[in-house]
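K.L.:
Take this structure, written in structure tokens, and hold onto it; I'll ask about it next.
Every read-out reported here was derived from the displayed coordinates using simple, explicitly stated rules and does not represent laboratory data. The model shown is predicted, which means the values in this text are computed figures rather than measured ones. Cβ placement follows ideal geometry from the backbone for every residue including glycine, while neighbour counts extend to all protein chains displayed.
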Amino acid sequence: MPLSDADRARLAERRRRLAEMMGDGGVLLLAAAPERLRSGDVHFPFRQDSDFAHLTGFDEPEAVAVIAPADARPYALFVRPRDAERARWEGPRSGVEGAMADYGAAIAHPIDELETHLPAWLGRAERVWLPLMRDDPLPRRLWDIVRRAHAGRARSGYGPTAFHDSGDLVHELRLRKDPWEIERIREAIAITATAHREAMSTVRPGETEWQIEARIDFAFRRAGAVGPAYPSIVASGPHACVLHHTPRDRTLAADDLVLIDAGAERDGYCADITRTFPSGRRFTPAQRDLYEAVLAAQLAAIAVVRPGATLEEVHAKAIRVLTEALVHLGLLAGNLDELVASEAYSRFYMHRTSHWLGRDVHDVGAYKLGDTPRALEAGMVFTVEPGCYIAPEEDSVPAAFRGLGVRIEDDVLVTPSGCEVLSAAIPKHVEEIEGLRAAAAPSSRGA
Ligand code: GLY
Ligand code: MN
Ligand code: MN
């Protein structure tokens, strides 16, 4: 779909900010995502490379963007030409005409002419940024052209001498979300919230995990999402102890915990949210104890978030509060400081508490700058998702805790004065959850 005037202006502003970061004398090259075969001649659904989408808004494969602030043609696109025959099979392409008219390129060429025309941008460039970490044919083709431009320097006297990964610049840009992006994330989260609430108020023992997954998928797509941002995790009973549980083949029993980690993707932005609730009306006492322990860790970790804090501090707080609760419950024994220092909790909590969130579920951006954890800034978005997973065979703990897995995951925006929990509309306190469960599940234990 051609970009609107507002889209074009927003993308131009992003490229202007990128140009400021590059300085004169630099050229940045970006490659569209490759189409990937699923089997035979059938492709996976196409999803544009997130860096490419962020700076071009162009949603076709086999495309290259050139951003060269000091050049007379500071923004160029190489794209697939229009093709009436292919259009009968795949739909229309923008072509070089559309790349200029609808996507703001100062000039566009057919992608087949990359080797012919791209050297004109590289000849006087000192520094080149390109997708060094991508290992598919189009970035390799770019790297070949750049190498030749470098080799030509010996005779011409001009050509690039410094090569950087384009992600070094683009990921810094993507890490700080502007108000338009935050709105897109809010939309993905609003869709996700409806799906989670529906699940929490309808799931019943006797259903299979895949039936629940299908309803979540439906709720996402019915509301305009392209689908899940990552394979939804619907893990019941002991399956909740497998972090990336995928078979989804278990039938829910009475008195299970159900862990649902699912987030919608819409307009290129993701949600990533987990809730855990009982398959019946009420948590069992052990389920409730473990749930309250994780919730206390999550609330304490969120309370740390403000500009200047770090994700290390968020994680440290989650670990400390969880460890304290596990001692209280008798699942760990010893001195709190020593248990934290020896990472005794890692038997039950083995992942990090946070990751950046945006166009990618595990979004880009450095967590550390050298030895220093990055200070949070307003506009950064990330998850806070402590969990506790007690393997069924964990015989060091009372039997009632074995096979229980709990994760509570929210999406958090750093604001100038602290933070906003963007996914706050999805219940996570025990009384709220049991309120929703009362409508859904038959009374299994006379509760
Ligand atoms: N859904 C993947 C994660 O929570 O990181
Ligand atoms: Mn996550
Ligand atoms: Mn998740």
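K.L.:
Rank Asp59, Asp168, Asp41 by mean-square fluctuation in a GNM of the chain with C-alpha springs under 10 angstrom and give only the top-ranked residue.
P.N.:
Comparing Asp59, Asp168, Asp41 in a Gaussian network model of the chain, the most mobile one is Asp41.
K.L.:
I'd like the distance separating the alpha-carbon centroids of the stretch 239-257 and the stretch 31-55, in whole Å.
P.N.:
When both Cα centres are located, 31 Å separates them.
K.L.:
Shifting gears a bit: In debye, nearest 20: dipole of the chain around its Cα centre with unit charges on the Cβ of K, R (+) and D, E (-)?
P.N.:
440 debye
K.L.:
Along the charge dipole of the stretch 354-447, Cβ charges K/R +1 and D/E -1, which of Ala439, His355, Met380 sits furthest on the positive end?
P.N.:
Going by the Cα projections, it comes out as Ala439.
K.L.:
Pull up the cross-link candidates among the aspartates and glutamates for Lys428, meaning alpha carbon to alpha carbon under 16 Å and not fewer than 8 places away within one chain.
P.N.:
Filter leaves Glu198, Asp261, Asp272, Asp289, Glu292, Glu385, Glu409, Asp410, Asp411, Glu420.
K.L.:
Here's another thing I want to ask about it. Could you order the peptides 121-131, 426-436 from most to least packed, using the average number of other C-beta atoms within 10 Å per residue?
P.N.:
Details: 121-131: 20.1, 426-436: 17.3.
In decreasing order of mean packing, 121-131, 426-436 become 121-131, 426-436.
K.L.:
Still on this structure, I have one more. Determine the shape class of the stretch 50-132: with a ≥ b ≥ c the square roots of the Cα gyration tensor eigenvalues, call it rounded for a/c under 1.5, and otherwise prolate if a/b is greater than b/c, oblate otherwise.
P.N.:
prolate
K.L.:
Set Lys and Arg Cβ to +1 and Asp and Glu Cβ to -1, take the dipole of the stretch 1-160 about its Cα centre, and tell me which of Ala9, His117, Ala84 lies farthest positive.
P.N.:
Toward the positive end, the furthest listed residue is His117.
K.L.:
Over the Cα atoms, compute the radius of gyration (one decimal) and Dmax (the largest Cα-Cα distance, rounded to a whole number) for the stretch 331-404, in Å.
P.N.:
Using the Cα atoms of the stretch 331-404, the pair Rg, Dmax is 16.5, 45 Å.
K.L.:
Hey, got the dipole for the stretch 1-74? About the Cα centre, +1 on K and R Cβ, -1 on D and E Cβ, debye to the nearest 20?
P.N.:
Values: 10 positive and 13 negative charges, 36 e Å.
Here the stretch 1-74 has a charge dipole of around 180 debye.
K.L.:
What does the charge dipole of the stretch 99-187 about its Cα centre add up to, to the nearest 20 debye, if the Cβ of each Lys and Arg holds +1 and the Cβ of each Asp and Glu holds -1?
P.N.:
In total the dipole reaches around 420 debye.
K.L.:
Take each of the peptides 85-98, 243-256, average the number of other beta-carbon atoms within 10 Å over its residues, and list them starting from the highest.
P.N.:
Top of the packing list down: 243-256, 85-98.
K.L.:
Run through all the Cα pairs of the stretch 140-230 and give the fraction in each 5 Å bin from 0, expressed as whole percent.
P.N.:
2, 11, 13, 11, 9, 8, 8, 8, 8, 7, 6, 4, 3, 1, 1, 0
K.L.:
Just how far, in whole angstrom, is the stretch 145-201 from the stretch 414-430 if you go by their alpha carbon centroids?
P.N.:
26 Å
K.L.:
While we're here: What's the angle, to the nearest 10 degrees (0 to 90), between helix 137-151's Cα axis and the longest principal axis of the chain?
P.N.:
Helix 137-151 sits roughly 50 degrees off the main axis of the chain.
K.L.:
For Cα pairs less than 8 Å apart in space and 6+ apart in sequence, what is the mean separation divided by the residue count of the stretch 383-447, i.e. the relative contact order in percent?
P.N.:
24 percent
K.L.:
On C-alpha positions alone, give me the angle between the axis of helix 5-22 and the longest principal axis of the chain, in degrees, nearest 10.
P.N.:
Tilt of helix 5-22: around 80 degrees.
K.L.:
What is the packing order of peptides 51-58, 357-364, taking the mean over residues of other C-beta atoms within 10 Å and listing the highest first?
P.N.:
Ranked by mean Cβ neighbours within 10 Å, highest first: 51-58, 357-364.
K.L.:
Let me ask you something else. What are the GluC sites (Glu not before Pro) within the stretch 316-345 that DSSP puts in a loop, where the Cβ has at most 13 other Cβ atoms within 10 Å?
P.N.:
Glu343
K.L.:
Something else about it: For a quick check, take a GNM of the chain with Cα springs below 10 Å and name the residue from Ser166, Ser156, Ser236 with the largest mean-square fluctuation.
P.N.:
Largest GNM mean-square fluctuation: Ser156.
K.L.:
Can you give the calculated 222 nm mean residue ellipticity of the chain, where each DSSP H run of n ≥ 4 adds -39,500 (n - 2.57) and the sum is split over every residue, rounded to the nearest 500 deg cm²/dmol? Please list the in-between numbers first.
P.N.:
Numbers: 15 runs with 167 residues, N = 447.
It lands at -11500 deg cm²/dmol.
K.L.:
When the scattering of the chain is computed by the Debye formula from its Cα atoms alone, each counted once and equally, what is log10 I(q)/I(0) at q = 0.07, 0.10, 0.12, 0.14 Å⁻¹?
P.N.:
So the normalised log intensities work out to -0.43, -0.80, -1.03, -1.24.
K.L.:
Find which of His164, Ala253, Ser201 sits farthest along the positive direction of the dipole of the chain, computed with +1 on the beta-carbon of Lys and Arg, -1 on that of Asp and Glu, about the Cα centre.
P.N.:
His164
K.L.:
Same structure, new question: With a sphere of radius 14 Å drawn around the Cβ of Gly206, what net charge do the other residues whose Cβ falls strictly inside it have (Lys, Arg +1; Asp, Glu -1)? Walk me through the intermediate numbers first.
P.N.:
Values: positive: Arg204, Arg250; negative: Glu207, Glu209, Asp255, Asp256.
Net charge in that neighbourhood comes out at -2.
K.L.:
Now, a different point. In degrees from 0 to 90, rounded to the nearest 10, what is the angle of the helix 209-222 Cα long axis to the longest principal axis of the chain?
P.N.:
Taking Cα atoms only, the helix is inclined about 50 degrees.
K.L.:
Among the lysines, which have Cα under 23 Å from the Cα of Lys368 when same-chain residues fewer than 8 positions away are ignored?
P.N.:
Those lysines meeting the cut-off are Lys177, Lys317.
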